[in-house]
1. Going through the range 16-54 one residue at a time, which ones are surrounded by 15 or more Cβ atoms within 10 Å (Cβ to Cβ), more than 12 Å from Phe6 (Cβ to Cβ) and either touching a helix residue (DSSP H, G or I) at 6+ places or on another chain (Cβ under 6 Å) or modelled with pLDDT of 95 or more (or both)?
2. In the range 100-115, what count of residues is obtained for those that are aliphatic (A, V, I, L, M) and at pLDDT below 95?
3. Does Lys66 qualify as being of a type in the set (Lys, Arg) and surrounded by 15 or more Cβ atoms within 10 Å (Cβ to Cβ)?
4. Quick check: is even one residue across the range 75-84 under 19 Å from the mean Cα position of the chain (by Cα) and within 23 Å of Gly11 (Cα to Cα)?
5. Going residue by residue through the range 87-99, is there one that turns out to be surrounded by 15 or more Cβ atoms within 10 Å (Cβ to Cβ) and closer than 16 Å to Ile74 by Cα?
6. Being free of Cβ contacts under 8 Å to residues at least 24 places away in the same chain, in contact with an Asp or Glu (Cβ under 8 Å, 6 or more places away or on another chain) and assigned to a helix (DSSP H, G or I) is true for just one of Glu79, Glu7, Glu24. Which residue is that?
Amino acid sequence: MMKCEFEKLAGYEVSFDTYNNVIEPMYMASNLSKEDFVKSLNKQAFALPTKAQLINKMKKLAKLIKDNYEHIYIGDIEEALYNTAKEVASKLGFDEVILNHKGRTNTYVESVSFYNKDNELVKNMTLV
């Protein structure tokens, strides 16, 4: 069974590593039909987050930064926000992201901008 075939039957996406190193070997070792094999898997264990889940996560991280940037070190939270924005960019077919801060220095992330391969702004998403 191919990865795309699995995803169509399962109704969710999985990473290439998960498919190649876990799902495909499990399927090959089973005697189940493709449909029965897919039904037997726990979606939570293998499914990649959806675009909506990732956007929700970005908004929660941005709010956490906004609520705390004056009181705590936010570098790790901002890095998590950037990495999540990169995942969203990948799902939407964009090549680069920039986190936009409110004001000039020592502020919080207000929005994220998505760019295509020609460095043209394609989408700006307000987070807080």
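The values are calculated or read from the model by the stated rules, or taken from the named source; none is laboratory data. All figures in this text were calculated on a predicted structure; none of them were measured in a lab. Methodologically, a virtual Cβ is constructed for each residue, glycine included, from the backbone with ideal geometry; neighbour enumeration extends over all protein chains shown.
1. Leu54
2. Going through the range 100-115, the residues aliphatic (A, V, I, L, M) turn out to be 109, 112.
Retained after the next criterion (residues that are at pLDDT below 95): 109.
Result for the range 100-115: 1.
3. Numbers: of a type in the set (Lys, Arg): yes; surrounded by 15 or more Cβ atoms within 10 Å (Cβ to Cβ): yes.
Against the criterion (of a type in the set (Lys, Arg) and surrounded by 15 or more Cβ atoms within 10 Å (Cβ to Cβ)), Lys66 qualifies.
4. yes
5. The answer is yes, given that some residue of the range 87-99 is surrounded by 15 or more Cβ atoms within 10 Å (Cβ to Cβ) and closer than 16 Å to Ile74 by Cα.
6. Working: Glu79 fails: in contact with an Asp or Glu (Cβ under 8 Å, 6 or more places away or on another chain); Glu24 fails: in contact with an Asp or Glu (Cβ under 8 Å, 6 or more places away or on another chain).
Sole residue among the options that is free of Cβ contacts under 8 Å to residues at least 24 places away in the same chain, in contact with an Asp or Glu (Cβ under 8 Å, 6 or more places away or on another chain) and assigned to a helix (DSSP H, G or I): Glu7.
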